[in-house]
1. Go ahead and run the numbers for FRET between residue 2 and residue 364, Cβ-Cβ distance against an R0 of 35 Å, rounding to 0.05.
2. What's the ranking of 386-392, 460-466 by average number of surrounding C-beta atoms within 10 Å, highest first?
3. Compute the distribution of all C-alpha to C-alpha distances in the chain, in bins of 20 Å from 0, and list the percent of pairs in each, rounded to whole numbers.
4. Calculate what fraction, in whole %, of the accessible area of region 342-471 sits on carbon and sulfur atoms when a 1.4 Å probe is rolled over the protein chains.
5. Per residue, how much space in cubic angstrom lies within the convex hull of the C-alpha atoms of region 58-138?
6. Counting only protein heavy atoms and using a 1.4 Å probe, what share of the accessible area of region 132-232 belongs to carbon plus sulfur, as a whole percent?
7. Roughly how many debye, to the nearest 20, is the charge dipole of region 116-178 about its Cα centre, given +1 on each Lys and Arg Cβ, -1 on each Asp and Glu Cβ, and no other charges?
8. Non-local amide H neighbours of residue 94 (under 5 Å, H modeled in plane, Pro and chain starts lacking H): which ones?
Amino acid sequence: MAYISTRGEAPKLSFTEALLAGLAPDGGLYVPEAMPHLAAETLRGFAGKPYVDVAQSVISPYLDATLPADEFKPMLEAAYASFRHKAVTPLAQIDDNLFVLELFHGPTLAFKDVAMQLLGRLMDRALKARGKRATIIGATSGDTGAAAIEAFRGLDQVDVFILYPHGRVSDVQRRQMTTVAADNIHAIALEGTFDDAQAILKRFFRNQPLREELGLSGVNSINFARVVAQMVYYFTSAAVLGGPLRKVSFTVPTGNFGDILAGHMARQMGLPIEKLVVATNSNDILARALATGRYEVRGVHATQSPSMDIQVSSNFERLLFDAVGRDAAEIRGLMASLDQSGAFDIPPAALEKIREEFSAGAASEAETAGEIARTWRECEYILDPHTAVAVHVARKNLARDPATPMVALGTAHPAKFPDAVRAATGLSAPLPAHLADLFERKERFDVLPNDEQAIASFVRARARAVTLAQK
Ligand SMILES: *Cc1c(COP(=O)(O)O)cnc(C)c1O
């Protein structure tokens, strides 16, 4: 499979090249040149299959010949052996026809582990084969950083620099990033927001000399390999609920649009999905964009679901690319308008297509807390605040179409956000055993200003991909 940029001005790459590149040099995102399709018979065969077997069927069409099946399968097995649940991503029922897809049984208790555990292994293998070192710089609203650090710590081939917004992530999230004692891991508290961190990252990727000097790679959800890994659980959960004979809907708590984009691609591959529902907290750019057709950035406010405190939803560009009939020039125009004026209007035909496939809703802070309390009361099941945003929005959609099973994606373990859980229910959600001593571990991080130059010199001084002569 070859990969092209949504902005049409970057060379075509193989899967492994796109994996190592992250963002395209023209500022676009890599997408497969054509979407693979799985036959209905293949989908029927997913019922009752182990997660890793389904993963192999879904992901293999995206790989290139340098990664044969007999090497890929053990990588999948190792990646998902790090999960504490045998089913990897089990379903829990919380109401008539309403289910939570538990994506949080990985090492850092958020759904980011599903993709990152595989990404770390794929990158390590690709770099070793090339005898290369890479520098990974990630911007995180909390969970990506922890998942990347967990997936890459101690690797010889890679140095990891994670920028997180200082003071805007939960204590558990911060400690998961700052207490890992590995020389190749660098946690940076940026004096700014997540969007500031992401903007710095995007400028680094567009700076070709810096990019080459550092051997820069990205692990943000802009990395296409992450999206592919996230498609798998749409297939496994639909199979449990009677797919492909019966359609299923999904409600996805959304920030950077990576998780729900995987649902869009699963549908393009042939999975019968009724609706994909975008659920946002009060940072509701996506819900507004679907309602009004205008994608308009406003200020970010801090909520109890911080991993969704995002305004610029990078992966939305991949959906737009499809919706405008893969017209890269049109995407360049829309993105230039976003850069210059912080907004663009979705072309009417594209908006219509998007609305056929997606609907959207937002949950306020009070509604989120109310949902945590309600689900606890009705089922003795504790939702984390991100999952609660999804469940709240899912209930409204289920009311409109009660016959179609609704799956709300459970993106984090409640113990990751204990303050929100306690405020809503009075309960303390204990950390699983492997993290029980998290608050006794020693923290290590640097606070840096929201300044591209300051971050660049910090990284250059520490990255092993930069030779001494270059320093
Ligand atoms: C990252 C994250 C999200 C948002 O996912 P996107 O792919 O950015 O839309 C939602 N919930 C949790 C817990 C997350 O970590």
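1. 0.20
2. Working: 386-392: 31.9, 460-466: 17.3.
Packing proxy ranking, top to bottom: 386-392, 460-466.
3. The calculated distribution, bin by bin, is 26, 62, 12, 0.
4. Carbon and sulfur together cover 54 percent of it.
5. Here the figure is 128 Å³ per residue.
6. It is 41 percent, rounded to a whole number.
7. That gives a dipole near 220 debye.
8. 99, 100
The values are calculated or read from the model by the stated rules, or taken from the named source; none is laboratory data. Source: prediction; values computed, not measured. A quick note on method: Cβ atoms are made from the backbone with ideal geometry, for glycine too, and the neighbour counts reach across all protein chains shown. These area figures cover heavy atoms from the full protein model, side chains too; ligands, DNA and RNA do not enter into them. Shrake-Rupley method; radii C 1.70, N 1.55, O 1.52, S 1.80 Å.
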